[in-house]
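Structure first, then comments.
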Amino acid sequence: MSDLNLLRYYARLTPMGVGEAIKTSLPDISDSLFTSLRHARSLLAQMQEAGWLLWQPKVGRNQRSTLLLNRDLGDLKQELAAERIREGKYEKARAILDDDNLAFSRLLQNTSGASMREGRLHIQLTYKRPFERLVPHQIQRSSERFFLRQIYCCLVSSDREGHLKPELAHHWHYDADNLQWTFYLRPGLVFHNGTPIDADTIATLFTRLSCLTEYQTEMAHVISVSAPQPQTVVFTLSEPDLGFGGMISGVRYSIQPPGQVNHAQTPAVVGCGPFEVIEHTATQLRLQAFDRYYGCRALTDQVTIWLIDEQDQRQPHIRTNHPDIPYPDANIPPAETCKELAGTAPIGMPGSLDSTSGNTTKNTPQPWADSANSEAACNYYLAPKLSDPTCEENLHSQVEDGCMFILFNQQSAHALTSAQRRYLSSFLSADKLAEHLNQRGAQFGSVLAGNLLSHWHVITRPQAPFSKLPKQLSIAVYDYTALKNCAYGIQALLEPEGIRVKVNVYAYRDLIERCQQHLLTEDMVVTNINLDDNRHASAFSNLFNNAVLHHCIGEQASQWFQHSLRQLRASTPLEHYLDALEPIASTLITEYWLTPLFHHRQTLRFKGVLKDVELTNWGWPDIKNVWSTSE
């Protein structure tokens, strides 16, 4: 008999009492179970063998037997459902839990991690919100950009030092005289659906991308994309660009079927990367290793990310420094408990993994880290010091390549003057805001920012003299808790000065689209940038193609800024981008167009079961390289 059927019979006995010896008879038990004496005796034997109860029958007339129920019904359901989840039998787990979504969600968290199923390594994670359609050509938040890297490949990649690496193209060449970048494709490339990838496919894809509004700024200097040979793609430019290879190593230039470049809402997508999407619904995202991937096949066979309501997340696996406390004075929903990934590979935070069987320890929150600038982490708990010998081997920590900052909007109805921007930059200093957030329990794992990137020189600005401010100010922010906490913190700092501050919260894409259409009119914007893994080219793109930034600094400043960046890419090799960008980006601060606030410290913990797992720029682990020694 299955555990589920046996559980149903056990549930009929629990009204008699659990944990106390009961004097009863077999006929009474048979009546309670609604079955025959013979079947009742068999059921009692099975339940006793499973350890659910103790049955001591007495022989003789008027002799009462002893029944002791050992297991609370709710705990037993949780245990049996957890076993089904670890086996990947999710519908049976739901049935055991009587389709209780809250109990199912919490159990998913407690059972998250890596496990072997029929000889295949499976990672189960949990996350706090549904993912957008996973296509490269749409504006995406950081978690989506991470998964784009798992589902798609580019022609080339760019490492941390700005060196190009082969991906779908095994070789490339830049002809400075003719302003042409030529890429040579590997033979035998295919999409996840088996369709071949050739030069005509690539040329058609880039031609379609160049027609999209979001690409026209970056691709304005691309005259044509041609395919003179089946394995050869040629980009002809109108002006020099030594870092063009870095640009197309970005997530948004991932290779997809040209016909997929549309505004359809279907979650079914076709990529060419290490994982293919086999299911994408409102409740889960399932990935499977792609066996015909051009490079080394992923060590992980399958990944399942369950999407559960953040209100149900008792033990968030992605958090960084403090428990989930949103800004207490703001009328906003409970904090986004930071990227709620659960699992064996690192993305979230506190907890440990048990490597004895390749499964995570029961009821143990799993380790995952996240980035405040990557939209998922927000309110954090303090990480132990790296010098602590008890945790050093299980902790990876890094300051992210990114920054949270205030932009002063020159397109607002009553734009702040230079003197007012200077005074506000001094008054709303990062250390003052950090102290305020800490007092309110809304601080997060962060480092005070003196520039847009943590390794750039700190910009020191003199204390500005007082300048009278408007009686009313407005702040725009997109719907991400860390940014909202900062916005409401600024509001709290300014209101004692007699200034009424209104905070307007937008959806991520809505904020960007308003800037593209020059419709954003708030006086300040609290926003962020966060670099992808191609950090040199990503830093350039975050400045050159940032609709929010260019809208806020005004048309004249934007023209100067883009002209400076075009000069940079015309004369600077990709590996020197970050050094060359620093003085240009620093001008944004010295001119008081923006004020840096914080860099986030990403932390990743794991124990045993994760082998050589790295923390990516997005705060997620490199899931394709998770492996287990369990058989």
> Which residue, of SER446, SER425, is of a type in the set (Ser, Thr, Tyr) and at pLDDT below 95?
Replying inline: SER446
>> Checking GLN517 against (1) within 26 Å of VAL251 (Cβ to Cβ); (2) touching a residue at least 12 places away in the same chain (Cβ under 8 Å): exactly one of these is not met. Which one?
In response: (2)
> Can ASN545 be described as under 20 Å from the mean Cα position of the chain (by Cα), closer than 29 Å to GLY250 by Cβ and in the same structural domain as TRP593 (by TED's automatic domain parsing)?
Replying inline: no
> Looking at GLN256, GLN216, which is the one that is touching a residue at least 24 places away in the same chain (Cβ under 8 Å), of a type outside the set (A, V, I, L, M) and at negative phi?
Replying inline: GLN256
>> With the structure loaded, tell me whether SER467 is of a type in the set (Gly, Ala, Ser), in contact with a His (Cβ under 6 Å, 6 or more places away or on another chain) and closer than 20 Å to LEU594 by Cβ or whether it fails that test.
In response: no
>> Criterion first (surrounded by 15 or more Cβ atoms within 10 Å (Cβ to Cβ), in contact (Cβ under 8 Å) with a residue 12 or more places away in the chain and among the polar types (S, T, N, Q)) does SER238 satisfy it?
In response: no
> Given the conditions (1) in contact (Cβ under 8 Å) with a residue 24 or more places away in the chain; (2) surrounded by 15 or more Cβ atoms within 10 Å (Cβ to Cβ); (3) closer than 18 Å to GLY273 by Cβ, and given that PRO166 satisfies all but one, which numbered condition is not satisfied?
Replying inline: (1)
> Out of ALA487, ALA419, which single residue is modelled with pLDDT of 95 or more and either buried (at least 22 other Cβ atoms within 10 Å of the Cβ) or of a type in the set (S, T, N, Q) (or both)?
Replying inline: ALA487
> Does the range 269-290 hold any residues that are touching a strand residue (DSSP E or B) at 6+ places or on another chain (Cβ under 6 Å) and outside any strand (DSSP E or B), and which are they?
Replying inline: VAL269, THR283, PHE290
>> Against the definition (in contact (Cβ under 8 Å) with a residue 40 or more places away in the chain and over 24 Å from LEU44 (Cα atoms)), how does SER65 come out, yes or no?
In response: no
>> Quick check on LEU531: is it touching a Cys at 6+ places or on another chain (Cβ under 7 Å) and either under 19 Å from VAL399 (Cβ atoms) or without any contact (Cβ under 8 Å) to a residue 60 or more places away in the chain (or both)?
In response: no
>> Would you confirm whether or not the range 490-508 contains a residue that is in contact (Cβ under 8 Å) with a residue 40 or more places away in the chain, buried (at least 23 other Cβ atoms within 10 Å of the Cβ) and touching a strand residue (DSSP E or B) at 6+ places or on another chain (Cβ under 9 Å)?
In response: yes
> Can you tell which of PRO267, PRO230 is surrounded by fewer than 18 Cβ atoms within 10 Å (Cβ to Cβ) and modelled with pLDDT under 95?
Replying inline: PRO267
>> Of all residues being surrounded by 16 or more Cβ atoms within 10 Å (Cβ to Cβ) and more than 19 Å from GLY250 (Cβ to Cβ) in the range 559-583, which is farthest from the chain's Cα centre (by Cα)? Just the residue, please.
In response: SER564
> Does the range 461-471 contain at least one residue that is in contact with a Phe, Trp or Tyr (Cβ under 6 Å, 6 or more places away or on another chain), crowded, with 21+ Cβ neighbours inside 10 Å and in contact (Cβ under 8 Å) with a residue 12 or more places away in the chain?
Replying inline: no
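The values are calculated or read from the model by the stated rules, or taken from the named source; none is laboratory data. Computed from a predicted model, the values in this text were never measured in an experiment. Cβ sites come from the backbone with ideal geometry, for glycine too, and all protein chains shown count toward neighbours.
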